[in-house]
Amino acid sequence: MGSNMIDFFSCTRCYKPNRRLSQLFHFIGVAALIAAPILTQAAEPTHGLSKYGDLKYPADFTHFEYTNPDAPKGGQAIQASLGTYDNLNPFILKGVAAAGAGSIYDTLTVSSGDEAFSVYGLIAETMEVPDDKRWVIFNLRTEARWHDGVALTAEDVVWTFDTIKSKGHPFYKSYFAAVVKAEMLDTHKVKFHFSEGNNGELPLVIGQLAILPKHFWEGRDFEKTTLDPLLGSGAYKIGKIDPGRSISYERVTDYWAQNLPVNKGINNIDVLGYDYYRDLTVALEALKSGDVDFRIEYISKNWKTAYDFPALEAGHVVKEEIPDQSTQRMQAFVLNSRKSKFSDARVREALGYAFDFEWMNKNLFYGAYQRINSYFQNSEFMATGLPEGDELEILEKYRDQLPASVFDTPYTLPVNDGSGNIRKQYRKALGLFKEAGWEVRDGKMTNISSGEVMEIELVIAQPSVEKIGLAFRKTLERLGVELKVRVIDSSQYEKRVEDFDYDMLVLGWAQSDSPGNEQFDMWSSAAADEPGSRNYVGIKNPVIDELIKLIVDAPSRESLVSATKALDRVLLHNHYVIPQYFGPTYRVAYWNKFSRPEIAPTKSLGFNTWWIDPEKEASLP
């Protein structure tokens, strides 16, 4: 669901994983797709990999600190999902994947929830990496099994990699671009070869690939959508399917890996279900009636006003805010710079002056949010003040290619008093428009050279997002800019986003505690024209391309921080997006049958560590 508390004045991609791309990321694990690092300096077998510093958990660890190894198994948990689905294969571009579709698969390694990015063996018992990091070997567990009892072998791993990279979602082709070959050394030993050395991230990234069964897919078309129950090897298997309306996953009672340290105290609930709703209001009513067991609330107004039903007052439903310690995503109005009207950074900056966050926070959000000021909000990677030290040294190399403000002006967003009177901001916006060759003619912002009138279409998939769009439209009108807010169905929305067919969106980019290879998919020139990439803005900036390379090749944590700060600063000063807001907690409401460990993971809510308490459940009406 994302690592920050977002108001549901946002798009489907922010409320829950994008049903294609983010569903695709779900099974791989959030920490993996948001990349990170590596490891030891000798090709000796190790139980885990970590780039910067020692592993927290030794080879003989029994469970992760944030889990309860004695948690009881049982019960069911139903959550609400919005929209619909028509596909159970989340690895391809086509179709809308079902919520949780990745939960049936195991990966070679798993990330811990309380380290920047360390991984430990799951399908792989041990890993080997040489000093030059030109390859990685995974030694597979001989006990690994598919749900049909067939052994999981190196042949499955090689087939998965080759198939995913050639036939899967376009993301994989770019994300694994530096992984040139998967080689089966024997039935339970796989070697991945890299095109470059000293990229400490690649061994960890490839370890997070979900492995698929070769024997199951023989004779099937991998590139077509399907509603046939697929075969996995993970803690859950597909249960009941009602296409487009609901889906459930059943815990595998004889799961081959259930007693491994990485799984102790995890995956405790017998049945995980997702019921689909077209409307947020109906989804909330489903919680009140008991049709939904657990809910994360993204609408601040609902949180303040809609939770006054009898079950909550009687204590049968719990409403609480859980601290969110993770790096906050950049949630924003995204401007498609592929469109000529948004190609000038001064135009993009000018539009940002019309976003009156303080008024919206006061009148729409009940004061629940804070303004986002970084693509790596609330982390050590935030670019603050003026660049200095190693960051300044990096940026100096590109001084003549960067806005002067990168070096002499701290990045700040306009601050208003909440009254709705933003005349000062309008004056600044009009000045920027004029510099960029635009002026107001007959009440419309017009390009002086071409005569083009500034009209913007904001495309959204959820009606709830409409409120923020309409509020923004009113302030833009004062600048002679017409904003049209268009609500479309989720399938059409996904297609338009994948094809970059929009003026403006509301969405967000989540980041990990160790940025890396995934930054190419978000900001690189190569990804700008790749359908389905996360470079929604259409950025083609050679400096940003080089900064991403510095991040991926960073030899130390200190150099990673400096390079990421430089990237953050350059992104901000080019005004590619209009930043919105974030909240410091997860707002959750659930029927009072759940318990959870005393220690929470630092990188997520950790719902997979919760369990259903039989005594609590028995006491519910």
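Each value in this text was obtained by applying a stated rule to the coordinates, not by laboratory testing. From a predicted model like this one, the values you see are computed outputs, not experimental measurements. Because the Cβ atoms are built from the backbone with ideal geometry, glycine has one as well, and the counts that use them run over all protein chains shown.
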Is at least one residue of the range 573-585 farther than 30 Å from LEU458 by Cα, in contact with a helix residue (DSSP H, G or I) (Cβ under 7 Å, 6 or more places away or on another chain) and of a type outside the set (A, V, I, L, M)? no
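So, in the range 583-592, how many residues would count as being crowded, with 20+ Cβ neighbours inside 10 Å and assigned to a loop (DSSP other than H, G, I, E, B)?
Residues of the range 583-592 that are crowded, with 20+ Cβ neighbours inside 10 Å, as a first pass: 583, 586-587, 589-591.
After this cut, where a residue has to be assigned to a loop (DSSP other than H, G, I, E, B) as well, the list is none.
Summing the residues that are crowded, with 20+ Cβ neighbours inside 10 Å and assigned to a loop (DSSP other than H, G, I, E, B) in the range 583-592 gives 0.
Looking at ALA600, is it surrounded by fewer than 23 Cβ atoms within 10 Å (Cβ to Cβ), aliphatic (A, V, I, L, M) and within 23 Å of the chain's Cα centre (by Cα)?
Details: surrounded by fewer than 23 Cβ atoms within 10 Å (Cβ to Cβ): yes; aliphatic (A, V, I, L, M): yes; within 23 Å of the chain's Cα centre (by Cα): yes.
Judged against the criteria, ALA600 is a match.
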Of (1) assigned to a loop (DSSP other than H, G, I, E, B); (2) touching a helix residue (DSSP H, G or I) at 6+ places or on another chain (Cβ under 8 Å); (3) within 13 Å of THR475 (Cβ to Cβ), ASN421 satisfies all except one. Which? (2)
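VAL318 - would you say it is closer than 26 Å to ASP70 by Cβ, surrounded by fewer than 19 Cβ atoms within 10 Å (Cβ to Cβ) and touching a Gly at 6+ places or on another chain (Cβ under 7 Å)?
Numbers: closer than 26 Å to ASP70 by Cβ: yes; surrounded by fewer than 19 Cβ atoms within 10 Å (Cβ to Cβ): yes; touching a Gly at 6+ places or on another chain (Cβ under 7 Å): no.
Judged against the criteria, VAL318 is not a match.
Can you report the number of residues in the range 530-582 which are of a type in the set (Lys, Arg), part of a helix (DSSP H, G or I) and touching a residue at least 40 places away in the same chain (Cβ under 8 Å)? So that I can check it myself, show each step before the final result.
Quick first cut of the range 530-582, residues of a type in the set (Lys, Arg) only: 534, 540, 549, 557, 565, 569.
Subset that is part of a helix (DSSP H, G or I): 549, 557, 565, 569.
Those still in the list that are touching a residue at least 40 places away in the same chain (Cβ under 8 Å) too: 557, 565, 569.
Adding up the residues that qualify gives 3.
If I go through the range 496-529 residue by residue, how many of them are more than 30 Å from SER50 (Cα to Cα), buried (at least 17 other Cβ atoms within 10 Å of the Cβ) and of a type outside the set (Asp, Glu)?
Initially, the range 496-529 is screened for residues more than 30 Å from SER50 (Cα to Cα), giving 496-507, 528-529.
Now restrict to residues that are buried (at least 17 other Cβ atoms within 10 Å of the Cβ): 497-498, 500, 502-507, 528.
With the extra rule that they be of a type outside the set (Asp, Glu), the set shrinks to 497, 500, 502, 504-507, 528.
The total comes to 8.
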Of the residues GLU155, GLU201, only one is within 23 Å of the chain's Cα centre (by Cα), farther than 24 Å from HIS63 by Cβ and of a type in the set (Asp, Glu); which? GLU201
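Restricting attention to the range 395-413, and to residues there that are part of a helix (DSSP H, G or I) and touching a Phe, Trp or Tyr at 6+ places or on another chain (Cβ under 8 Å), which single residue is nearest to TYR581 (Cα to Cα)?
Of all residues in the range 395-413, those part of a helix (DSSP H, G or I) come to 395-396, 399-401, 405-408.
So of that shortlist, the ones also touching a Phe, Trp or Tyr at 6+ places or on another chain (Cβ under 8 Å) come out as 395, 399, 405.
Values: LEU395: 28, ARG399: 30, SER405: 23 Å.
Here the answer is SER405.
Determine whether the range 218-240 contains at least one residue that is of a type in the set (Asp, Glu), farther than 30 Å from VAL179 by Cα, surrounded by fewer than 16 Cβ atoms within 10 Å (Cβ to Cβ) and free of Cβ contacts under 8 Å to residues at least 40 places away in the same chain. Break it down into steps so the answer makes sense when it comes.
At the first step, the residues of the range 218-240 found to be of a type in the set (Asp, Glu) are 218, 221, 223, 228.
Narrowing the set further to residues that are farther than 30 Å from VAL179 by Cα leaves 228.
Then drop every residue that is not surrounded by fewer than 16 Cβ atoms within 10 Å (Cβ to Cβ), which leaves 228.
Those still in the list that are free of Cβ contacts under 8 Å to residues at least 40 places away in the same chain too: none.
Checking the range 218-240: not a single residue is of a type in the set (Asp, Glu), farther than 30 Å from VAL179 by Cα, surrounded by fewer than 16 Cβ atoms within 10 Å (Cβ to Cβ) and free of Cβ contacts under 8 Å to residues at least 40 places away in the same chain.
Just to verify a result, which residue in the range 271-297, among those that are in a loop (DSSP other than H, G, I, E, B) and crowded, with 18+ Cβ neighbours inside 10 Å, is nearest to the chain's Cα centre (by Cα)? Walk me through it before giving the result.
Step one: list which residues in the range 271-297 are in a loop (DSSP other than H, G, I, E, B), which gives 278-279, 290-293, 297.
If we keep only those that are crowded, with 18+ Cβ neighbours inside 10 Å too, we end up with 292-293, 297.
Values: VAL292: 24, ASP293: 24, GLU297: 17 Å.
Within the range 271-297, the match that is nearest to the chain's Cα centre (by Cα) is GLU297.
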Please give the number of the condition GLN492 fails out of (1) out of contact with any strand residue (DSSP E or B) (no Cβ under 7 Å at 6 or more places or on another chain); (2) crowded, with 24+ Cβ neighbours inside 10 Å. (2)
State all residues of the range 56-75 that are surrounded by 17 or more Cβ atoms within 10 Å (Cβ to Cβ) and either under 30 Å from TRP217 (Cβ atoms) or of a type in the set (Val, Ile, Thr) (or both); if no residue qualifies, say none. THR67
Looking at the range 355-388 only, could you name the residues that are among the polar types (S, T, N, Q) and at negative phi? ASN361, ASN363, GLN370, ASN373, SER374, GLN377, SER379, THR384
Which condition number does THR163 fail, the rest of (1) out of contact with any strand residue (DSSP E or B) (no Cβ under 9 Å at 6 or more places or on another chain); (2) part of a loop (DSSP other than H, G, I, E, B); (3) within 24 Å of LYS495 (Cβ to Cβ) being met? (2)
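Of TRP523, TRP610, TRP591, which residue is aromatic (Phe, Trp, Tyr) and either under 30 Å from ASP132 (Cα atoms) or touching a Pro at 6+ places or on another chain (Cβ under 6 Å) (or both)? Give the steps one after another, and end with the answer.
Working: TRP610 fails: either under 30 Å from ASP132 (Cα atoms) or touching a Pro at 6+ places or on another chain (Cβ under 6 Å) (or both); TRP591 fails: either under 30 Å from ASP132 (Cα atoms) or touching a Pro at 6+ places or on another chain (Cβ under 6 Å) (or both).
Going through TRP523, TRP610, TRP591 in turn, just one is aromatic (Phe, Trp, Tyr) and either under 30 Å from ASP132 (Cα atoms) or touching a Pro at 6+ places or on another chain (Cβ under 6 Å) (or both): TRP523.
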